[in-house]
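In what follows, a single structure is set out as structure tokens and then discussed.
The values are calculated or read from the model by the stated rules, or taken from the named source; none is laboratory data. Source: prediction; values computed, not measured. Here the Cβ positions follow ideal geometry from the backbone for every residue, glycine too, while neighbour counts run over all protein chains shown. Just the protein is used for accessible areas: all its heavy atoms, side chains included, with ligands, DNA and RNA removed. Shrake-Rupley method; radii C 1.70, N 1.55, O 1.52, S 1.80 Å.
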Amino acid sequence: MAVCQQHAFTSSESSVSVKLGAICPSKKKFYGVRLQQNGQTFSKAFTKVISTRMAVVEERPILIPETFERSAPKILAYEFVQGPLVRWSERDRSICKPPTAVLLHGILGSRRNWSTFSKRLAQAFPSWQFLLIDLRCHGESSFIDMQGPNSVASAARDVLRLVGDLKLTPRVLIGHSFGGKVALSMVDQAAKPLARPVQLWILDATPGTVRAGGNGEDHPAELIAALNEMPNEVPSRRYVINTLTRKGFSAAVAQWMTTNLKPVEGAYPAFTWSLNLQGISEMYQSYEATDLWHVVEDITQGVHCNFLRAERSLHRWAHEDVKRIHMAEALATTEGAGVEMHVLEDAGHWVHADNPDGLFKILTKSFLGF
């Protein structure tokens, strides 16, 4: 089992200029998926240990330099999942940077939503690394005092600042639901021209106004309101499940919400939320209202924008949205730019949980050739 520590830092920066896309793959050999946090890298397989400073049961930390100076603070909680050929680390940035993909979760989620799927990608594409992030107000980032409005645009700026501080230029951006709009906003705000082509994946989200919920579906705004009605500390996970199902939410959604609970220190078995619900409420309102069609219909050179619609999605794709995306496909004639629509069969809104094999197959083309 791989071991990770956490990143959660703050920044007061108010502007960003980040270019997306440059890579430099490593050619060194290694076997097994590695996970890196706080500049510490761990692997499941045997490898030579160089300058290590700690022992971990069943894991071997590798390539740890004795000293490291941070040039700037960070603003979000995050972790890396690295393929077995990756040698780069935050503690030794002199090593050639690997191609990097950024994975962004949806509203009320966390970077852990991508944990299993990212490890599969790292095994299949061993020269890549995958940056998993807790967006503002979510997961461990919920304990950070964030500046500015809680919006899609602010969340995108946070991520741009983070990758800029890490001096990484992502080749692939993957965002699920709310995270999909964040990825679109990142492209909208990034410095132009882009350094290299970028593959953009918007999973089960549209660029315009949101038409989620209704007709007995779980509506995020109603779920956020229900969570706000609960006490800050709850006695058990079962309490949360029972409370939400009594309010009419599905058992699956109720169970999923318990992943956002953390034990209260010194008050076991009480739990509290690793969510800033007020901030998340503002973020979801922004998600519903934010219109990024201009990013799709006037696609930046070097960007290939992929929309993925889940066949059984709770998110209701309007016919005019699908038609508009297909029109954008025809208009994206600039060399090195494009728009494409995909359908993931046998999947609801939770695409990476409902049909991970199908999602993996569709995404594969973005990681080939590096």
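Descriptive notes on the structure:
- Residues of segment 187-199 that turn out to be in a helix (DSSP H, G or I) and of a type in the set (Val, Ile, Thr), as a count: 1
- Residue identified as of a type in the set (Lys, Arg) and closer than 17 Å to residue 174 by Cβ among 309, 324: 309
- Qualifying residues in segment 195-213 (those that are open to solvent by 30 Å² or more (accessible area, probe 1.4 Å) and at pLDDT below 95) - the one nearest to residue 172 (Cα to Cα): 197
- In segment 337-345 there is no residue matching the filter, namely being buried (at least 19 other Cβ atoms within 10 Å of the Cβ), within 18 Å of the chain's Cα centre (by Cα) and touching a residue at least 24 places away in the same chain (Cβ under 8 Å).
- Selection status of residue 118, open to solvent by less than 40 Å² (accessible area, probe 1.4 Å), farther than 22 Å from residue 361 by Cβ and not in a loop (DSSP other than H, G, I, E, B): no
- Answer from 184, 162, 173 - the residue that is in a strand (DSSP E or B), over 12 Å from residue 106 (Cβ atoms) and open to solvent by less than 10 Å² (accessible area, probe 1.4 Å): 173
- Checked against the criterion of being under 20 Å from residue 106 (Cβ atoms) and exposed (fewer than 15 other Cβ atoms within 10 Å of the Cβ), the candidates 233, 311 yield just one match: 311.
- Scope segment 126-159; condition in a loop (DSSP other than H, G, I, E, B) and either closer than 22 Å to residue 366 by Cβ or small (Gly, Ala, Ser) (or both); matching residues: 126, 127, 128, 135, 148, 151
- Enumeration of residues in segment 241-263 that are under 17 Å from residue 141 (Cα atoms) and either hydrophobic (A, V, I, L, M, F, W, C) or touching a residue at least 60 places away in the same chain (Cβ under 8 Å) (or both): 257, 259, 260, 261
- Comparison of 118, 141 shows that the only residue that is over 12 Å from the mean Cα position of the chain (by Cα), within 30 Å of residue 263 (Cβ to Cβ) and among the hydroxyl-bearing types (Ser, Thr, Tyr) is 141.
- Of all the numbered requirements in (1) modelled with pLDDT of 95 or more; (2) farther than 22 Å from residue 83 by Cβ; (3) polar (S, T, N, Q), residue 147 misses one, and that requirement is (1).
- Here the helices (runs of 4 or more DSSP H) wholly within segment 226-311 that include at least 3 residues being hydrophobic (A, V, I, L, M, F, W, C) and either at pLDDT below 95 or over 27 Å from residue 115 (Cα atoms) (or both) are 251-257, 293-297.
- Within segment 351-364, residues that are open to solvent by less than 40 Å² (accessible area, probe 1.4 Å) sit with their Cβ atoms under 7 Å from residues that are of a type in the set (Gly, Ala, Ser) and outside any helix (DSSP H, G or I), at 6+ positions apart or across chains, in these pairs: 351/310; 355/347; 358/347.
- Each residue in segment 90-115 was checked for being of a type in the set (Lys, Arg) and part of a loop (DSSP other than H, G, I, E, B), and 3 pass.
- On the stretch given as segment 239-262, residues that are under 16 Å from residue 110 (Cβ atoms) and surrounded by fewer than 16 Cβ atoms within 10 Å (Cβ to Cβ) total 3.
- Which listed residue is open to solvent by less than 20 Å² (accessible area, probe 1.4 Å) and more than 18 Å from residue 182 (Cα to Cα), from 369, 348: 348
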